[in-house]
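Here's the structure, in structure tokens; my notes come after.
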Amino acid sequence: MAVHFDIAIIGAGIAGSSLAAELAGARSVVMLEAEAAPGYHATGRSAAFWEECYGGPDIAPLTLASGDYLKNGGFLTSRGALYIGRGEDADALDDFMERFANSGVHIERIGHERLAPMLPGLKPAWTGAVWEPACADIDVASLHEHYLARTRRSGGTLMTSARLIGASRNADRWTLKLADDTTLSAGILVNAAGAWADEVATLAGATPVGITPLRRTVAQLRTDPTPRSSQPLVLDISGRFYFKPETGRVWLSPRDEEPSPPCDAAPEEIAVAKAIDQLEQVMEWQVHAVERKWAGLRSFAPDRLPVYGFDPEIEGLFWFAGQGGFGIQTSPAAAAIASQLINGCSPGEIESDERTCGINIAIYSPARFA
């Protein structure tokens with residue numbers, strides 16, 4: 001006879017583990033992780049930062065609502081962020097300010113006289129920026145382990161090397177078949193499978209919502225001079241690169257978004273070369289070596305908003321996916337919202353607290369794709 005759980009969560013990355021931490025204790029919860037260890041894919045490869053503007057004004061409420069949880073837990077290290085531009089980018093910088101004017105984020109427009117001292121070695125063509133002082137690095141590994149530990153302490157179960165290959169609904173429960181022939185049952189099936197979310201939906205008989213995995217490349221460089229550890233995160237206002245110091249090195253990305261099938265993503269040499277070329281157009285630095293490089297998959301729904309809620313057609317299937325590159329920085333608020341929806345609250349009944357207040361939950365519902 002199959003072991004029964006109230007809730008089975010597919011995926012134990014930051015999405016699945018944060019939600020399990022909220023649900024375990026009051027409900028019996030199992031996380032089914034396909035890999036040998038949780039967090040192998042997007043979570044373990046993130047150069048994560050808590051950046052209020054990342055994802056746009058519709059994501060900012062989730063980010064802001066997550067800030068206190070991350071700060072109070074000791075998961076953030078202050079850094080600051082600069083969206084930089086050249087003379088011809090002045091309108092883009094102004095438009096950026098206007099987009100976030102009523103979002104609650106703290107940003108200001110600065111000129112070259114303030115920008116240059118923040119970035120020693122900045123080339124003269126880069127004349128302006130949007131300054132975001134609250135941006136901080138996230139200790140992703142510690143945050144992920146925090147969620148896993150909360151789940152363990154509350155009696156939740158983690159199964160690794162547990163790839164889902166079949167899901168069928170009968171009466172009020174799911175029968176779940178794993179690749180090793182294990183069979184489980186659950187009342188609610190949560191799709192927190194990241195890049196594999198549409199594949200899991202198909203296994204469950206649901207219509208995929210069009211979640212697309214996009215490859216993002218990061219390289220670690222040794223440069224001369226060595227960057228200051230206090231230097232801000234730097235992002236191009238046109239979306240072509242970002243870089244930041246990390247333990248005496250530079251972490252650099254071309255901010256690529258190459259569509260990919262769900263897979264163990266690998267970096268491409270052309271993306272790394274492109275990123276270095278862009279860096280050399282910005283800073284008077286010499287790149288001496290590419291010490292390592294990696295890639296991860298960031299998964300987006302067609303409208304680039306996350307998908308939180310019960311499937312409109314398949315009973316007992318809950319979506320917790322499409323969290324792009326902002327899943328880590330929004331995880332406290334997202335998990336608080338999703339746990340209440342799973343526990344029977346309607347969007348209008350969500351308890352208003354520091355992690356849910358002021359968030360328009362309806363815009364994240366999977367029903368928008370029906």
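The values are calculated or read from the model by the stated rules, or taken from the named source; none is laboratory data. Remember, predicted model here, so these are calculated numbers, not experimental data. Cβ placement follows ideal geometry from the backbone for every residue including glycine, while neighbour counts extend to all protein chains displayed. SASA here: full protein model, heavy atoms, side chains in, ligands and nucleic acids out. Shrake-Rupley method; radii C 1.70, N 1.55, O 1.52, S 1.80 Å.
May I ask you to give the average projected area over all directions of the convex hull of the Cα atoms of segment 99-164, in nm² rounded to one decimal?
The number I arrive at for segment 99-164 is 9.4 nm².
In whole Å, what three semi-axes, largest first, describe the equivalent ellipsoid of segment 17-68 built from its Cα gyration tensor (square root of 5 times each eigenvalue)?
For segment 17-68, the semi-axes come out at 26, 18, 8 Å.
Ordering Met283, Met118 from largest to smallest accessible area (1.4 angstrom probe), what's the sequence?
Values: Met283 5, Met118 40 Å².
Accessible-area ranking of Met283, Met118, largest first: Met118, Met283.
Hey, what did the chain get for relative contact order, percent, Cα under 8 Å, at least 6 apart?
Relative contact order here is 22 percent.
Which FRET efficiency value, to the nearest 0.05, is calculated for Arg169 and Cys345 with the Förster distance at 35 angstrom and r the Cβ-Cβ distance? Before the final figure, lay out the partial values.
Numbers: r = 22 Å, r/R0 = 0.64.
Calculated transfer efficiency: 0.95.
Once both axes come from the Cα atoms, what is the angle between helix 331-342 and the longest principal axis of the chain, in degrees from 0 to 90, rounded to 10?
For 331-342 against the chain, the angle is about 20 degrees.
If each residue of separation counts as 0.36 nm, what is the full-extension length gain between Arg228 and Ala273 once their alpha-carbon separation is subtracted? Display every interim value, and only then the final one.
Details: separation 45, 0.36 × 45 = 16.20 nm, distance 2.32 nm.
Length gained, Arg228 through Ala273: 13.9 nm.
What accessible area per residue comes out for segment 214-289, rounded to a whole number of Å², with a 1.4 Å probe?
Accessible surface, normalised per residue, equals 43 Å².
Put Asp6, Asp256 in order of accessible area, largest first, 1.4 Å probe: what do you get?
Per-residue accessible area, sorted high to low, gives Asp6, Asp256.
Over segment 294-370, average the accessible area per residue using a 1.4 Å probe and give it in Å², no decimals.
Roughly 35 Å² per residue, with all protein chains present.
Shape of segment 1-45 from its Cα gyration tensor (a ≥ b ≥ c, root eigenvalues): rounded if a/c is under 1.5, otherwise prolate when a/b > b/c, or oblate? Can you show the working numbers first?
On the way: a/c = 3.72, a/b = 1.56, b/c = 2.38.
Oblate is the answer for segment 1-45, as a/c is 1.5 or above yet b/c matches or exceeds a/b.
Once every Cα of the chain carries one equal point scatterer and solvent is ignored, give the base-10 log of I(q)/I(0) from the Debye formula at q = 0.10 Å⁻¹, two decimals.
For the requested q values the scattering log ratios are -0.63.
At q = 0.14 Å⁻¹, what is the log10 ratio I(q)/I(0) for segment 45-139, with the Debye formula run over Cα points and no solvent?
-0.56
Express the accessible area of segment 1-160 per residue in Å², computed with a 1.4 Å probe while the remaining protein chains stay in the model.
40
List the relative contact order of segment 83-166 as a percent without decimals, with contacts defined as Cα pairs under 8 Å and 6+ residues apart.
So the answer I get is 32 percent.
Which residues does a label at Ala116 reach in segment 80-110, if reach means a backbone N under 13 Å from a point 7 Å past the Cα toward the Cβ?
Residues passing the 13 Å test: none.
Order the following by accessible area, largest value first: Asp198, Asp303. Probe radius 1.4 Å; ligands, DNA and RNA are ignored.
Largest accessible area first, the list is Asp303, Asp198.
Ignoring any ligand, DNA or RNA, what whole percent of the accessible area of segment 119-277 comes from carbon and sulfur when the probe is 1.4 angstrom?
51
Report, to two decimal places, the Cα Rg of segment 192-341 normalised by 2.2 N^0.38 Å (N = number of residues).
1.24
What lysines does Lys274 reach when the alpha-carbon gap must be under 19 Å and sequence neighbours fewer than 8 apart in one chain are set aside?
Cα-Cα hits under 19 Å: Lys123, Lys244, Lys293.
How far is the Cα center of segment 182-209 from the Cα center of segment 1-44, in Å?
Between the Cα centre of segment 182-209 and that of segment 1-44, the gap is 12 Å.
Probe radius 1.4 Å, ligands and nucleic acids ignored: give me the carbon and sulfur share of the accessible area of segment 34-102 as a rounded percent. All intermediate terms of the calculation are to be shown ahead of the outcome.
Numbers: 1310 of 2960 Å².
For segment 34-102, the apolar C and S fraction of the accessible surface comes to 44 percent.
State the three equivalent ellipsoid semi-axes of segment 213-267, derived from the C-alpha gyration tensor as the square roots of 5 times its eigenvalues, in descending order and whole Å. Don't skip to the end; give the middle numbers.
Values: eigenvalues 121, 36, 11 Å².
Ellipsoid half-lengths, sorted descending, are 25, 13, 8 Å.
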